[in-house]
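One structure is given below, encoded as structure tokens.
The values are calculated or read from the model by the stated rules, or taken from the named source; none is laboratory data. As the structure is a computational prediction, the values presented were derived from the model and not from experiment. Note: ideal-geometry Cβ built from the backbone for every residue, glycine included; neighbour counts use all protein chains shown. These area figures cover heavy atoms from the full protein model, side chains too; ligands, DNA and RNA do not enter into them. Shrake-Rupley method; radii C 1.70, N 1.55, O 1.52, S 1.80 Å.
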Amino acid sequence: AAPGGSHRRANDDMPFNRNVEIGRVALCNLKADARYGKLLVIVDIVDMNRVLVAAPGVKRDVISLRRVAITDMKVDVERKCDEAALAAAWKSADVEGSWAKSAWGKKIARQNARANLTDFERFKVALARTKRSALIKKALAA
């Protein structure tokens, strides 16, 4: 055991990969917020509970860490960078593209697509599900 009674060795990796840091991309996850569902970049840390966020097309503002979910993505920006530098770093990191490819981004896109279905489209999905279920049962019975 390590000194002080800890069972972790000094060279063990940290348990968290999603640290609050300058350039970290976060997703606003509070429905009451106007920025809900938008990807934001942390450009400065105000205190233990609040950060300054910005993104292309989103007004720079202080937001509580309770309102955001930290992602694995990181943009290479300086602390308190201007809008032009942030936009250039956002584009070079291809944040939108890598978000669309991530499992988290795909899940949210799928949820939004299902939420925006019309009544007839939901009916077609139910029919397709029934047909698929019948095919699976037939294949398993054989």
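A Förster radius of 30 Å combined with the Cβ-Cβ distance from residue 120 to residue 36 puts the calculated FRET efficiency at roughly 0.60. Taken about its Cα centre, the chain carries a charge dipole of roughly 1140 debye when the Cβ of each Lys and Arg holds +1 and the Cβ of each Asp and Glu holds -1. Springs join every pair of Cα atoms under 10 Å in this Gaussian network model of the chain, and among 58, 77, 41 the largest mean-square fluctuation is at 58. For the listed residue pairs 101/124; 38/131; 74/124; 107/137, the alpha carbons are over 31 angstrom apart in 38/131; 74/124.
Between the listed residues 140, 103, 117, the Cα displaced farthest toward the positive end of the dipole of the chain, a dipole computed from Cβ unit charges relative to the Cα centre, is found at 140. Between residue 112 and residue 64, full extension at 0.36 nm per residue minus the direct alpha carbon distance yields a gain of 14.8 nm.
Summed over the residues of the chain and divided among them, the accessible surface reaches 73 Å² per residue at a probe radius of 1.4 Å. Say we join alpha carbon atoms closer than 10 Å with springs in a Gaussian network model of the chain; which of 88, 32, 103 then has the biggest fluctuation? Between 88, 32, 103, it is 32 that shows the largest mean-square fluctuation. The angle between the Cα long axis of helix 119-141 and the main principal axis of the chain comes to about 70°, on a 0 to 90 degree scale. When 106, 138 are compared by accessible surface with a 1.4 Å probe, the order from highest to lowest is 138, 106. This model, with +1 at the C-beta of Lys and Arg and -1 at the C-beta of Asp and Glu, gives the stretch 96-142 a dipole about its Cα centre of some 280 debye. For the residues 78, 96, 121, a GNM of the chain with alpha-carbon springs under 10 Å puts the largest fluctuation on 121.
Estimated from helical segments only, the mean residue ellipticity of the chain at 222 nm is -12000 deg cm²/dmol, where each DSSP H run of four or more residues counts as -39500 (n - 2.57).
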